[in-house]
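What follows is a single structure, written as structure tokens, with notes after it.
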């Protein structure tokens with residue numbers, strides 16, 4: 001049955017308005033996700049977590065005979081009732097919508113080449129790079145390692161080609177990447193007096209022959225001193 005429905009909190013009277021071609025299936029999907037704390041609508045999920053399942057009613061507001069008018073009627077009730085739990089105030093949200101292959105292909109093509117802004121890449125790099133990467137923190141069993149290795153081999157056997165295969169970076173590009181990853185390093189005496197500041201551990205190596213590895217160990221707190229100096233990231 002094609003309907004406009006609401007999910008309403010009996011305590012606050014706040015509600016969510018939606019439309020469905022099959023209201024029984026849609027109701028089941030909503031409350032299954034809410035019960036398992038994985039509903040995509042965070043406003044509704046937070047309210048459900050706070051007040052509990054018994055405080056929410058699923059009500060049919062209107063039965064719509066003409067499927068083409070379903071979105072129009074949903075928008076009518078969104079405008080009229082101003083539901084607090086609707087994140088999107090425009091009817092026709094993709095929640096629960098099954099797209100055709102043609103539509104999915106258009107979306108894929110439209111998204112090709114879209115890149116995250118630099119500020120987000122920096123945050124992601126800090127959160128997931130180096131020792132922070134989940135593969136560094138999680139310990140895998142030998143069985144898991146074997147399964148991952150076999151899956152990777154099978155991927156390439158089936159014709160997968162890495163997008164960067166055959167692309168060689170110039171020395172300038174390699175150096176540019178290294179500079180971006182470099183951190184300024186401070187050299188102190190054991191009494192805590194600043195001796196010199198370097199743009200990176202490599203600069204200290206080039207100028208005075210200090211070991212990049214041991215400077216890094218100092219800066220990361222693995223060892224206390226190197227060559228009778230303390231080293232810290234700026």
*State yes or no: is residue 184 under 30 Å from residue 197 (Cα atoms) and modelled with pLDDT of 85 or more?*
yes
*All positions within the stretch 1-42 that are assigned to a helix (DSSP H, G or I) and more than 19 Å from residue 74 (Cα to Cα)*: 28, 31, 32, 33, 34, 35, 42
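If we scan the stretch 75-94, do we find a residue that is farther than 18 Å from residue 15 by Cα and modelled with pLDDT under 65? Quick ask: steps written out before the conclusion?
Of the stretch 75-94, the ones farther than 18 Å from residue 15 by Cα are 94.
Then keep just the ones that are modelled with pLDDT under 65; that gives 94.
Yes, the stretch 75-94 contains at least one residue that is farther than 18 Å from residue 15 by Cα and modelled with pLDDT under 65.
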*Which members of the stretch 182-203 meet the condition of being over 26 Å from residue 122 (Cα atoms) and in contact (Cβ under 8 Å) with a residue 40 or more places away in the chain?*
187, 188, 189, 190
*Please go through the stretch 204-224 and pick out each residue that is surrounded by 13 or more Cβ atoms within 10 Å (Cβ to Cβ) and either in contact (Cβ under 8 Å) with a residue 24 or more places away in the chain or in contact with a strand residue (DSSP E or B) (Cβ under 8 Å, 6 or more places away or on another chain) (or both).*
204, 210, 211, 214, 215, 217, 218, 219
*Those residues that are within 17 Å of residue 18 (Cβ to Cβ), touching a strand residue (DSSP E or B) at 6+ places or on another chain (Cβ under 6 Å) and touching a residue at least 40 places away in the same chain (Cβ under 8 Å), I need them from the stretch 32-55; list them, please.*
44
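The values are calculated or read from the model by the stated rules, or taken from the named source; none is laboratory data. Since we're looking at a predicted model, the values are computed, not measured. Cβ: placed from backbone, ideal geometry, glycine included. Neighbour counts: every protein chain shown.
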